[in-house]
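Structure first, commentary second.
Quick note: the coordinates plus some simple rules give every number you see, no bench work behind them. Every value quoted in this text rests on a predicted model; they were computed, and no experiment measured them. Cβ: placed from backbone, ideal geometry, glycine included. Neighbour counts: every protein chain shown.
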Amino acid sequence: MAVQQPAGPDPYFPDNGDARYRVHRYELVLDYRPGPNRLSGTARINAIAGPAPLAEFQLNLADFRIGRVRVDGRQPHYTHRGGRLRVRPAKPLRAGAAFTVEVHWSGNPGPVPSPWGGLGFEELADGALVASQPVGAPSWYPCNDRPADKASYLLSVTAPSAYAVVSGGRLLTRTTKASTTTWVYEQSAPTSSYLVGLAIGRLQTVLLGDPGPGGVPQHGHIPAQLLPRFSRDFARQPAMMELFQELFGPYPFDEYAVVVTEEDLDVPVEAQGLSLFGSNHVDGARGSERLVAHELAHQWFGNSVSIADWRHIWLNEGFAKYAEWLWSERSGGRGAQQLAAAAHRSLAGLPQDLRLADPGRRSMFDDRLYERGGLTVHAVRCALGDDAFFRMLRDWVRLHRNGSVTTGAFAEHVARFADEPPAGLFEAWVYGTALPPLPVLGDRP
Ligand SMILES: [Zn+2]
């Protein structure tokens, strides 16, 4: 059961994405040279027109040189300005028609500007990294850049053989010719454009734990010198995977990979089937273990169950935050109640003008959204009791797997698991701004 995609542009990013059509598959063939930081690519995009005929449509793509554009093999009119590639096919596309767009592009990729600094493709001292949340995907490939437009991906990247190329999904082939190697990844699960991750670097690959029959393979891709610290810091990730499968239901993808880059990152970033960490997140003392749990939890909350548009981001971050607390509780650390109390104390001393349900673009990544989001999930748990709460969570993940959701849909879902509708809970925690009293586990009548 997927919530219908909104018909209009994203309220926070009206220039990104085009709701008049949807993409069901991207096939990207890229060639990247780290020294000169040169990228050239060909995209074949299989799409379907919406309920109205399509005289023109838009893809998002940063300021590259466009070599060629085709729609169903024919040359369209197009303009490419301000990160938008506007395409007018020779003949309008019929309502509901399947069509194929081909785009060739090349240039020196770099981050696209945003209110949070550059996003997307980043050239490193020796390699490259892509972390796109929320609107960085057009920094490296043409896309219908909205989180609810989820597609499968075939990604082929050719790079000098000294480098490893890591993306989410299954590595189909790795072929070396002369001095270059081509890595082909298939991500068959529907994926939001911002969640296509990429790392190119001198990385070693290790297997974390023993997945056993039917288990989820978990790989780490790490610079050799960070391997000892990584081995300690990520040692408990297989146990997290087991716990989260118990609490949230089956892991939604075929495998999970983590990359640690040689450089620092402000925060780790999630991608589909992949999370990216900076060297500052490995200290050999499990100092960032809560973030290991946070990023893993996004595979369920944010990646498999996506948001319909960015107003609903608390659904990603609130659950990922709460997963940190659940991991702590179940792995011998502080309990969720204690962590909720600490979050509540810190929020009580901060301005109370943030509304989870629609925080505004500027406050999407405000720390208060994460903390209040975690507290809201805790409030739901306190209201439902553990048994109904975890059944509710697993059912939410199962119903909306590969789909996209809204805050309203979550409120309705929660009400179905309560003996009595949790009166005022969503009004206070999600739609209001004042901080409600700390919810307490076991206080349920
Ligand atoms: Zn997060």
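Remarks
- Some residue of the range 209-216 being surrounded by fewer than 19 Cβ atoms within 10 Å (Cβ to Cβ), closer than 30 Å to ASP149 by Cβ and out of contact with any Lys or Arg (no Cβ under 7 Å at 6 or more places or on another chain): no
- Strands (runs of 3 or more DSSP E) within the range 43-117 that include 3 or more residues surrounded by 15 or more Cβ atoms within 10 Å (Cβ to Cβ) and not polar (S, T, N, Q): 65-71, 84-88, 98-107
- Of the criteria (1) free of Cβ contacts under 8 Å to residues at least 12 places away in the same chain; (2) more than 21 Å from the chain's Cα centre (by Cα); (3) closer than 16 Å to PRO138 by Cα, which one GLY117 fails: (2)
- Scanning the range 242-251 for residues that are surrounded by fewer than 20 Cβ atoms within 10 Å (Cβ to Cβ) and either in contact (Cβ under 8 Å) with a residue 24 or more places away in the chain or assigned to a helix (DSSP H, G or I) (or both) gives GLU242, LEU243, GLN245, GLU246, LEU247, GLY249.
- Qualifying residue in the range 241-248 (condition: more than 16 Å from the ligand (Cβ to nearest atom) and in contact with a Pro (Cβ under 7 Å, 6 or more places away or on another chain)): no
- Leading residue by the ranking (nearest to the ligand (Cβ to nearest atom)) among those in the range 219-240 that are hydrophobic (A, V, I, L, M, F, W, C), surrounded by fewer than 20 Cβ atoms within 10 Å (Cβ to Cβ) and assigned to a helix (DSSP H, G or I): ALA239
- Meets criteria (loosely packed, with under 15 Cβ neighbours inside 10 Å and touching a residue at least 60 places away in the same chain (Cβ under 8 Å)) for PRO134: no
- Hey, PHE417 without any contact (Cβ under 8 Å) to a residue 40 or more places away in the chain, surrounded by 15 or more Cβ atoms within 10 Å (Cβ to Cβ) and in a loop (DSSP other than H, G, I, E, B) or not: yes
- When ASP15 is tested against (1) within 29 Å of ARG362 (Cβ to Cβ); (2) in contact with a Lys or Arg (Cβ under 8 Å, 6 or more places away or on another chain); (3) surrounded by 17 or more Cβ atoms within 10 Å (Cβ to Cβ), exactly one condition is not met: (3).
- Identification of strands (runs of 3 or more DSSP E) wholly contained in the range 119-188 with 3 or more residues that are of a type in the set (Lys, Arg) yields 170-177.
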